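The block underneath contains the structure these notes are about, expressed in structure tokens.
The values are calculated or read from the model by the stated rules, or taken from the named source; none is laboratory data. Model, not experiment: these values are computed from the prediction. Cβ placement follows ideal geometry from the backbone for every residue including glycine, while neighbour counts extend to all protein chains displayed.
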Amino acid sequence: MDRSVYTEPLVSRYTSREMQELFSEKTRFTTWRRCWVALAEAQHELGLEMVTREMVEELRANIENIDFEAARKKEAEIRHDVMAHVYAYGLACPKAEPIIHLGATSQFVVCNSDLIIQRKALVFIKKSLVNVIANLERFARKHKELATLGYTHYQPAQPTTVGKRNTLYLHDLLMDLDAVEALEKKILARGAKGTVGTQATFLELFHGEMDKVRKLDELVATKLGFSGVFPVTGQTYTRKLDLMVANTLAGIAATAHKFAVDLRLLSNLKVQEEPFAKNQVGSSAMAYKRNPMRSERMTGLARKLMNLPADFAATYANQWFERTLDDSAIRRMDIPQAFLLADAILRLFNNITADMVVYPEQIARHLRQELPFMATEKILMACVEKGGSRQEAHETIKKHSVAAGLAVKQEGRENDLLERLAADPAIPFTLEELTAMIGDGSEFTGAAALQTEDFLDNHVVPVLERYKDDLGDIDASISV
């Protein structure tokens, strides 16, 4: 590694080798060559006599045989990357050289290759996504009955369970998976459409036989592994699709961001934490700290990805008529970055959710602090059942609740509402009876445990069963 020049952190620190390889120059240019092979083979099969089987086989045999230096020198001379690689391919395939790129525009290889690579990248994304879902399914099921304090406005609200809270993230991840699956169906081949999408050159090659031109479009798409071809294009496939891709990946980032911020808040409360390595250093100065660095990193990466769709929207909106070149430079950066960011985020997401730590005693402590307030309605009803006046009991409970709340905030005292109520003759219960009335908080969680089990069984498990071959086989280690 040359440490005297800038290195992209997404590659050096955060992403998987398989995603890095997918967006490498080698993958890009070998995919271009596969497109040229598909075009030549389809032209041969449709009877174009100038394209022979021998030429097709020569092209196929040299897909991996790329002279990158020859291509680089040619591009420096002619200022055109596609034609530079046509030249380099021709050096390796002297017999086929005359028919390489026959009838095609540069975007034949660029667009079709981009679509192929993005489709493969989505397979990686989907695999990572379902493994996060599997991790959270196990976690939610394990803790479906563990009562914990719920929050609205980040203020103590009613109790929920740790499992139920995590079904909320699971629900959003299932929505993300639905979006990826829907997107996959929209990725078709650009096909063989010609310079501005009119197929004029191919119509000329086949002497006006439109049926063969249509068949060429379809054959190329099939040979490249697509189920279909875009019915119309300009010089490029619509950049609207790129925007849809960006929005889908940004949706995953938003889910991850929400989860990571919540976990950072839980970490501050000391009730739940991300994994913490044995020799990990939390702070250079404060040796006791357990900073949620993985969640913080995931937040930062997600923030970057969530903001990328604006680039894609502007690129799409500025494609004048059949095409303008201001999409080229930004797409070279933004498309790989979008997928690499999603890969990095899901890598962290898997790492964190595989081994999260829960502290039940600390959870119980937070519940004890708030449960007396939450149980006041139950205590009120019990007073009435004992023959007391609802209005009098309500006034007594209100007076002591306000006093106990002020003592907690102003004096830093523990919540002593139950002691205050037990000591008041207007409340016909002992401290032991009031404590038993409240319990551990589980009876205040409503249907949380049942909802969790129903959701996991009926919505999550069927998805995991559908993707069972993708589960477990994933490297979720982090570099730093």
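Could you look through the stretch 22-55, keep only residues that are without any contact (Cβ under 8 Å) to a residue 60 or more places away in the chain and part of a loop (DSSP other than H, G, I, E, B), and pick out the one that is farthest from HIS207 (Cα to Cα)? Of everything passing the filter in the stretch 22-55, SER24 is farthest from HIS207 (Cα to Cα).
For the stretch 325-336, indicate whether the set of residues that are outside any helix (DSSP H, G or I) and either at pLDDT 95 or above or surrounded by 15 or more Cβ atoms within 10 Å (Cβ to Cβ) (or both) is non-empty.
The first filter runs over the stretch 325-336 and keeps only residues outside any helix (DSSP H, G or I), leaving none.
Checking the stretch 325-336: not a single residue is outside any helix (DSSP H, G or I) and either at pLDDT 95 or above or surrounded by 15 or more Cβ atoms within 10 Å (Cβ to Cβ) (or both).
Do we find a residue being in contact (Cβ under 8 Å) with a residue 60 or more places away in the chain, part of a helix (DSSP H, G or I), in the same structural domain as ALA140 (by TED's automatic domain parsing) and not acidic (Asp, Glu) anywhere in the stretch 193-211? Looking for residues that are in contact (Cβ under 8 Å) with a residue 60 or more places away in the chain, part of a helix (DSSP H, G or I), in the same structural domain as ALA140 (by TED's automatic domain parsing) and not acidic (Asp, Glu), one finds none in the stretch 193-211, hence no. Of the residues in the stretch 226-239, not one is of a type in the set (A, V, I, L, M, F, W, C) and assigned to a helix (DSSP H, G or I).
Looking at the structure I just gave you, is ALA121 over 24 Å from VAL37 (Cβ atoms) and not assigned by TED's automatic domain parsing to the domain that holds HIS44? Here the answer is no, as ALA121 does not meet what is asked. Among all residues of the stretch 379-396, there is at least one that is among the polar types (S, T, N, Q) and surrounded by 15 or more Cβ atoms within 10 Å (Cβ to Cβ).
Please verify whether ARG190 is within 33 Å of the chain's Cα centre (by Cα) and either hydroxyl-bearing (Ser, Thr, Tyr) or at pLDDT 95 or above (or both), treating the condition exactly as stated. When the stated conditions are applied, ARG190 passes them.
Within the stretch 212-237, restricting attention to residues that are in contact (Cβ under 8 Å) with a residue 60 or more places away in the chain and under 28 Å from the mean Cα position of the chain (by Cα), the residue that is nearest to GLY47 (Cα to Cα) is LEU224. Residue check: is SER267 at pLDDT below 95 and either in contact with a strand residue (DSSP E or B) (Cβ under 9 Å, 6 or more places away or on another chain) or of a type in the set (Gly, Ala, Ser) (or both)? In short, no.
Restricting to the stretch 144-183, count the residues that are outside any helix (DSSP H, G or I) and either outside the structural domain of ASN131 (by TED's automatic domain parsing) or within 18 Å of ASN247 (Cα to Cα) (or both).
Qualifying residue count, the stretch 144-183: 0.
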